[in-house]
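Novice: The structure is given below, and queries will be raised subsequently.
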Amino acid sequence: MSDLALLQDVIGEPKLIDWNWLKDNFWEYIVPAFQGHIFLSSISIAIALVIALPVGILCARYRKAYPPVTVVTGILYSIPSLALFAILVAAGVNVGPTPVIIALVAYSLLILIRNTVAGIDAVPPETIDAARGMGLTSRQILFRVELPLALPIIVAGIRIATVTIIGIATIGAYIHGGGLGQLIFDGINRQFPTMIIAGAVLATALAIFADVVLLGLERYLRPWARARRA
Amino acid sequence: MIEFRHVSKTYAGSDRPVVNDLSFEVLDGEICVLVGPSGCGKTTSMRMVNRLIEITEGEILIDGEPNTSMSGTQLRRKIGYAIQQIGLFPHRTIADNIGTVPNLLGWEKGRIRERVNDLLDLVGLSPDEYRDRYPAELSGGQQQRVGVARALAADPPIMLMDEPFGAVDPITRERLQDEFLHIQEDIKKTIVFVTHDIDEAIKMGDKIAILKQGGVLAQYDTPQTILSRPNSEFVSSFVGGDRLLKRLSLTRVSELDLGPANGGTDGLPRISDGLTVRDALSELMGSGQSKAVVEKDGEKKLLTFQDIEALTSSGAMGGGKRSA
């Protein structure tokens with residue numbers, strides 16, 4: 001039986017949402033899956049940031065490094081996620097959260113690096129000139145001028161990457177990465193729509209929540225722009 | 001004092017210097033204006049003083065010490081820096097912007113706060129109203145005031161100003177120039193001032209260095225001498241055909257030695273003694289009369305075309321620009 005037919009079977013069930021099942025399995029099943037999903041997404045974004053920020057700063061400084069970095073991260077970004085999970089497992093990474101996190105980090109790099117470079121590029125050259133002319137060192141210019149001014153654009157990148165990753169992470173359950181994908185896959189296997197809907201709704205809600213929080217952060221980091229509008 | 005000694009700058013990969021064997025001195029408390037057509041190396045020359053651009057040959061001495069005797073960043077913290085595009089930090093408040101260098105120098109918070117308030121007052125912006133605003137909330141003229149205040153923040157003896165009033169409309173520009181000259185009377189900084197505008201050079205400069213293409217010094221002298229005795233075809237054409245009128249703008253009516261007005265002054269136009277002689281001449285001609293009344297220390301004096309003519313033929317014109 002094809003997956004599609006299976007899905008139709010599942011959705012064809014008379015009872016879409018079994019509230020009793022939700023109640024009974026809330027603490028030992030749904031909550032851990034939700035927490036697992038948050039863990040997968042946030043640890044991936046954190047690791048990706050630790051890589052992308054320095055690489056982005058270097059690319060902004062040494063322009064020649066930027067095209068090769070874009071090519072490599074661009075290729076990573078374009079590999080289908082299911083294939084990437086499979087490749088990692090085939091390459092000897094044990095199934096579980098590790099290959100999922102590696103793949104999610106790989107997907108985030110392109111967006112995060114590109115926004116870091118764009119953010120630094122957007123700093124007005126005369127602001128840098130004035131900073132140099134007043135005797136700030138290159139390090140002070142980076143940390144006190146360039147990064148604070150680039151931060152809203154970097155956070156905008158984090159926002160896009162986070163929403164993308166929360167979606168892709170559901171597929172990670174296929175290689176036992178845990179998270180809300182587990183609910184969805186189990187629901188398909190058991191032909192039990194309540195689990196699929198619970199997983200999908202929570203994953204979507206998490207993505208929207210992260211989007212709104214990061215949008216707020218983006219605004220908060222730009223008080224000077226708020227003041228202009230006021 | 002700033003001394004340029006045979007300073008040249010040639011960029012790598014080029015065989016033609018942009019600044020060529022430049023030598024002159026800027027005396028303490030004077031404004032030296034570097035002026036010339038674009039490509040004459042005036043901004044490059046200024047930026048070599050605080051080593052934003054490094055010299056290829058020669059040296060620049062500051063109070064007798066080569067400017068290479070300390071690190072570039074240390075040097076720059078001791079020299080005020082104001083540029084046309086201002087370059088305020090958009091993410092910092094006005095107070096933080098002005099406090100940049102004192103903060104780098106490790107001043108205490110209270111001292112920085114006090115200094116910022118004083119400087120805002122000095123440039124005519126109320127501290128209470130402007131301290132906590134962001135640059136984007138200010139007009140162009142206000143931003144340039146903040147730019148000048150920021151350059152003055154650590155009270156550096158030397159300032160570099162690259163068209164610091166260039167980004168505003170002509171009326172605001174004139175006001176900022178007047179205010180700055182007024183401030184300079186008190187603070188007496190040693191200033192290297194770059195402009196492409198000869199009128200601004202004449203107005204602001206105690207000395208003017210006219211540079212021509214290739215970074216060669218064409219003439220270095222007081223505005224009066226440059227206007228009355230340009231040393232070359234290049235300088236006289238750069239200064240312009242109206243240099244006689246420009247000389248008149250260096251003197252104010254109050255500085256003229258005028259005769260008393262006797263009797264019938266009723267139909268005559270009144271002229272303020274704060275005007276430059278150039279503006280007074282313009283008013284006089286516009287009035288259709290041959291003389292006008294100037295009130296000076298409560299006394300009525302008579303200004304005639306002869307007084308103005310006498311001024312242009314005497315060599316003693318415009319000596320007291322700053323004391324006006």
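The values are calculated or read from the model by the stated rules, or taken from the named source; none is laboratory data. Since the model is a prediction, treat every value here as computed from it, not as a measurement. Neighbour counts run over all protein chains shown; Cβ positions are idealised from the backbone, glycine included. Ligands, DNA and RNA are excluded from the accessible area calculation, which covers all protein heavy atoms including side chains. Shrake-Rupley method; radii C 1.70, N 1.55, O 1.52, S 1.80 Å.
Novice: Express in whole angstrom the spacing between the alpha-carbon centres of the range A:27-50 and the range B:81-158.
Specialist: Distance between centres, Cα-based: 46 Å.
Novice: Sticking with this structure for a sec: Rounded to the nearest whole Å², what accessible area per residue is found for the protein assembly as shown with the 1.4 Å probe? Could you put the intermediate results ahead of the total?
Specialist: Numbers: 26170 Å² over 554 residues.
Per residue, the protein assembly as shown has 47 Å² of solvent-accessible surface.
Novice: With a ≥ b ≥ c the root eigenvalues of the C-alpha gyration tensor of chain B, is it rounded (a/c under 1.5), prolate (a/b larger than b/c) or oblate? Before the final figure, lay out the partial values.
Specialist: Working: a/c = 2.41, a/b = 1.39, b/c = 1.73.
Oblate, because a/c is 1.5 or more while a/b does not exceed b/c.
Novice: What fraction of the Cα pairs in the range B:182-239, stated in percent, has a spacing above 15 angstrom?
Specialist: Of all Cα-Cα distances in the range B:182-239, 49 percent exceed 15 Å.
Novice: Nearest 5 is fine: what % of DSSP beta bridges in the protein assembly as shown come out antiparallel, could you say?
Specialist: On the way: 26 of 47 bridges.
The antiparallel fraction comes to roughly 55 percent.
Novice: The range A:181-230: percent of C-alpha pairs farther apart than 14 Å? Display every interim value, and only then the final one.
Specialist: Values: 775 of 1225 pairs.
Tail fraction, whole percent: 63.
Novice: Within chain A, which complete DSSP H helices have Cα atoms spanning at least 24 Å along the helix axis and a mean Kyte-Doolittle hydropathy of 0.0 or higher?
Specialist: Membrane-span-like by this criterion, though nothing is claimed about a membrane: A:31-61, A:97-121, A:147-169, A:193-220.
Novice: Students sometimes get this wrong: rank B:K291, A:K23 by accessible area, probe 1.4 Å, all chains present, largest first. Walk me through the numbers on the way to the answer.
Specialist: Numbers: B:K291 80, A:K23 150 Å².
From most accessible down to least: A:K23, B:K291.
Novice: Right, another one. Mind grabbing the accessible area of B:E3 for me, 1.4 Å probe, Å², rounded to tens?
Specialist: 20
Novice: Here is a follow-up. With every protein chain left in place and a probe of 1.4 Å, what is the accessible surface of B:K296, to the nearest 10 Å²?
Specialist: 40
Novice: What percent of all Cα-Cα pairs in the range B:1-142 falls into each 5 Å bin, going from 0 up to the bin containing the maximum distance?
Specialist: 2, 8, 15, 17, 15, 14, 13, 10, 5, 1, 0
Novice: Could you order B:F4, A:F143, A:F34 so the one with the most accessible surface comes first? Probe is 1.4 Å.
Specialist: Working: B:F4 5, A:F143 120, A:F34 60 Å².
From most accessible down to least: A:F143, A:F34, B:F4.
Novice: Could you tell me how many cubic angstrom of Cα convex hull volume the range A:92-160 has per residue? If you can, show how the numbers build up before the last one.
Specialist: Values: hull volume 6.7 nm³, N = 69.
Value for the range A:92-160: 97 Å³ per residue.
Novice: What translational D, rounded to a whole number of µm²/s, comes out for the protein assembly as shown from Stokes-Einstein when the hydrodynamic radius is the Kirkwood one over Cα pairs, at 25 °C and 0.890 mPa s?
Specialist: Translational diffusion coefficient: 85 µm²/s.
Novice: Once you list every other residue whose beta carbon is under 11 Å from the beta carbon of B:L256, what net charge do they have if Lys and Arg are +1 and Asp and Glu are -1?
Specialist: Summing Lys and Arg as +1 and Asp and Glu as -1 gives -1.
Novice: Let me ask another. Calculate the length of the line joining the C-alpha centroid of the range B:9-32 to that of the range B:234-282, in whole Å.
Specialist: A separation of 36 Å, based on Cα centres.
Novice: Please report, as a whole percent, how much of the solvent-accessible surface of chain A comes from carbon and sulfur atoms (probe radius 1.4 Å). Write down the numbers at each step before the final one.
Specialist: Working: 8020 of 11740 Å².
That share works out to 68 percent.
Novice: While we're looking at this one, here's another question. Out of the range B:84-147, which GluC sites (Glu not before Pro) are coil in DSSP terms and have no more than 15 other C-beta atoms within 10 Å?
Specialist: Sites meeting the loop and neighbour criteria: B:E108.
Novice: Follow-up question, since we're still on this one. Where the centre of each part is set by its Cα atoms, how far does the range B:168-232 sit from the range A:148-165, in angstrom?
Specialist: Computed from Cα coordinates, the inter-centre distance equals 48 Å.
Novice: Oh, and also: Using a probe radius of 1.4 Å on protein heavy atoms only, what is the accessible area buried between chains A and B, both sides summed, to the nearest 100 Å²?
Specialist: 2000
Novice: Hey, got a sec? Which trypsin sites (Lys or Arg not before Pro) in the range A:129-230 land in a DSSP loop and have at most 16 other Cβ atoms within 10 Å?
Specialist: A:R190
Novice: Using just the helices of the protein assembly as shown, give the 222 nm mean residue ellipticity in deg cm²/dmol: DSSP H runs with n ≥ 4 each add -39,500 (n - 2.57), and the total is spread over all residues, rounded to 500. Show your work: numbers first, answer last.
Specialist: Values: 25 runs with 292 residues, N = 554.
For the protein assembly as shown, the value works out to -16000 deg cm²/dmol.
Novice: Using a Gaussian network model on chain B with a 10 Å cutoff between Cα atoms, which of B:G64, B:G267, B:G166 fluctuates the most?
Specialist: Top of the fluctuation ranking is B:G267.
Novice: Could you tell me the relative contact order of chain A? Use alpha-carbon pairs under 8 Å, at least six residues apart, and round to a whole percent.
Specialist: In percent, rounded to a whole number, it is 27.
Novice: Now for a different question. Taking all protein chains together and a probe of 1.4 Å, list B:V235, A:V93, A:V72 from the most accessible to the least accessible.
Specialist: Solvent-accessible surface, decreasing: A:V72, A:V93, B:V235.
Novice: Within chain B, what whole-number % of the accessible surface is contributed by carbon and sulfur, with the 1.4 Å probe and all protein chains included in the calculation? Mind showing how you got there, number by number?
Specialist: On the way: 6550 of 14440 Å².
It is 45 percent, rounded to a whole number.
Novice: Here is a follow-up. If I take all pairs of Cα atoms in the range B:59-116, what percentage of them are more than 19 Å from each other?
Specialist: On the way: 710 of 1653 pairs.
Across the range B:59-116, Cα pairs with separations above 19 Å total 43 percent.
Novice: Sticking with this structure for a sec: Restricting things to alpha carbons, tell me how big the range A:29-225 is in terms of Rg and Dmax, in Å.
Specialist: 19.3, 69
Novice: At 1.4 Å probe size, what's the solvent-accessible area of A:Y77? Round to the nearest 10 Å².
Specialist: About 90 Å², ignoring ligands and nucleic acids.
Novice: On to the next question. Suppose a student asked you for the relative contact order of chain B, using Cα pairs under 8 Å spaced at least 6 residues apart; what percent would you report?
Specialist: Details: 594 pairs, mean separation 62.2, N = 324.
Computed over chain B, the figure is 19 percent.
Novice: Counting only protein heavy atoms, probe 1.4 Å: which residues of the range A:116-164 lose 30 Å² or more of accessible surface in the full assembly compared with their chain by itself?
Specialist: A:E126, A:T127, A:D129, A:A130, A:R132, A:G133, A:M134, A:G135, A:L136, A:R144, A:L149
Novice: Follow-up question, since we're still on this one. Quick one: which bits of the range B:101-144 get at least 10 Å² less accessible when the partner protein chains are in, versus the chain alone, with a 1.4 Å probe?
Specialist: Residues passing the criterion (a loss of at least 10 Å², heavy atoms only) are B:V101, B:N103, B:L104, B:Y134, B:A136, B:E137.
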